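Each remark here refers to the structure printed beneath this line.
None of the figures in this text is laboratory data; all of them are computed from the coordinates on show. If you're wondering where the values come from, they're calculated on a predicted model, not measured in any experiment. Here Cβ is always computed from backbone atoms with ideal geometry, including for glycine, and neighbour counts include all displayed protein chains.
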Amino acid sequence: MKFIKDPVHGYVEVEAELLPLLDSPPVQRLRHVKQLGFSCLVYPGANHTRFEHSLGTMHLATILARHLGLDPADVLLIGAAGLLHDIGHGPFSHTSEAFLSEFAGHDHHQVDHLLGEPALASAIEEADLDPAAISALVRGEHPLADLIHGDLDADRMDYLLRDAHYTGVPYGTVDAERLIQSSILTDGGLGIVESGVQAAESLLIARTLMRSAVYFHHTSRIATSMLSLALCEHAAGGSGDPRGIPPLDDAGLCQVLAASKSDVARSLLAGLMKRSLYKRALYVGKDQVGASFLTSEPLLQRMRALAREIAEAAGREEWEVIVDIAPFPADMSMGVQVRNRSVTLDLSIVSPLVNTLNEARRSQWRLGVYAPREHTGAVERAAIEVLHVKKATRQDTLA
């Protein structure tokens, strides 16, 4: 057994069986993958990594599994899944995800190929763990997946606490201990007893506030969009197979783009490194655009097609316009169950806050069009015409 000092949870306990997993290359690679991508351009302290988050998730998942009275083999399995749940992330975490999903067929929840890498496969076998069960937990397809891949899971508890700590924003307050102590297993999966409702609400409030303040901050969205465009230009220039990108870490991806055959890819990377970013030409909410934009899975190719049309209308080069259609947020009523006396109810029924928070998340959604500062005026006018943007209401103006 080993203890690792963590700034969020104090001392994190790593079971002896999991130490070889911790030292395996797929996990150690996460030391060099930023948890929040380019959020450090907004919050200078946000330089923490997926490695730290994976340790924290393992820690909370293990405590939760023990609280639920799972047998030791399942506790170890849950801890292993918590440690390994993010090994599938590409460089800069979610920042590269849209490109990798569309052009490399990469899903960070698909980790089977990584679990089969020699060092990690050997460590899993020595710990007497089932790689298929670990993979199912990470994908959310295991009977105990709610502990890692659910609505009030160890993953969310850790990243909210950790991201708030490193960004310095005061919105990620989650009473993880209370949530864990209130947790129960129901026929529908992981639930909480009635006395834990407020702790569950605190997590949902934190998710809502952190979404606008950190995860979807406009500067982070612009930087993310610039990286996606750089990757698209790099791939279009015949500089290599996109399927070679997922195993890279952040520095590795920067090296690839710095040596790209595409002048645009190299220029965009230089802008990111110097924090010379595109600016908002248009930034509108759901009431100003058509329903076709409110999709959960916007495609990069569709956004690039719109950007080309806007660029042509504005008399600009194609690469000088970026269209950013954020995923429209799903409701947070989710599958969380609350045991109220002898009845099991959905949290949205017990808590009137949930519906309010869902509406707040919908109102936070934005469609962005970005361009170099000197071209934002022309691009804005063209974007309004091409996207058929409605005139802003008083509420939109205040937002």
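Numbers for the structure displayed
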quantity	calculated
Per-residue [θ]222 nm for the chain (sum of -39500 (n - 2.57) over DSSP H runs n ≥ 4, rounded to 500)	-14000 deg cm²/dmol
For the chain: span of alpha carbons on each principal axis (Å, largest first)	65, 49, 32
Folded to 0 to 90 degrees: helix 72-84 orientation relative to the chain principal axis, Cα	20 degrees
Anchor K286: aspartates and glutamates whose Cα lies under 12 Å away (excluding residues fewer than 8 positions away in-chain)	E359, D396
Anchor K390: aspartates and glutamates whose Cα lies under 19 Å away (excluding residues fewer than 8 positions away in-chain)	D287, E309, D324, E380
Protection-proxy order for peptides 164-177, 54-67, 119-132, each taking the mean of Cβ atoms within 10 Å per residue, highest first	54-67, 164-177, 119-132
Around I184: net Lys/Arg minus Asp/Glu count, Cβ-Cβ under 13 Å	-2
Simple Cβ-charge dipole of the chain, Lys/Arg +1 and Asp/Glu -1, about Cα centre, in debye nearest 20	1860 debye
Exceeding the 25 Å Cα-Cα cut-off - candidates K34/K274; K279/K391; K34/K279; K274/K391	K274/K391
Kirkwood-Stokes translational diffusion coefficient of the stretch 20-78, alpha-carbon pairs, 25 °C, 0.890 mPa s, µm²/s	189 µm²/s
Principal axis dimensions, largest first and in whole angstrom, of the stretch 122-273 by Cα	58, 42, 23
Acute angle (nearest 10 degrees) that the helix 50-67 long axis makes with the longest principal axis of the chain, alpha-carbon atoms	40 degrees
Ratio Rg/Rh, restricted to the stretch 73-161 and using Cα atoms, in which Rh is the Kirkwood radius	0.98
Charge-dipole axis of the chain as Lys and Arg at +1 and Asp and Glu at -1 on Cβ define it, positive-most pick from L83, G10, A236	A236
Using alpha-carbon coordinates, inclination of helix 263-274 to the longest axis of the chain, degrees	60 degrees
Distance from the stretch 253-326 to the stretch 130-165 (C-alpha centre basis), Å	32 Å
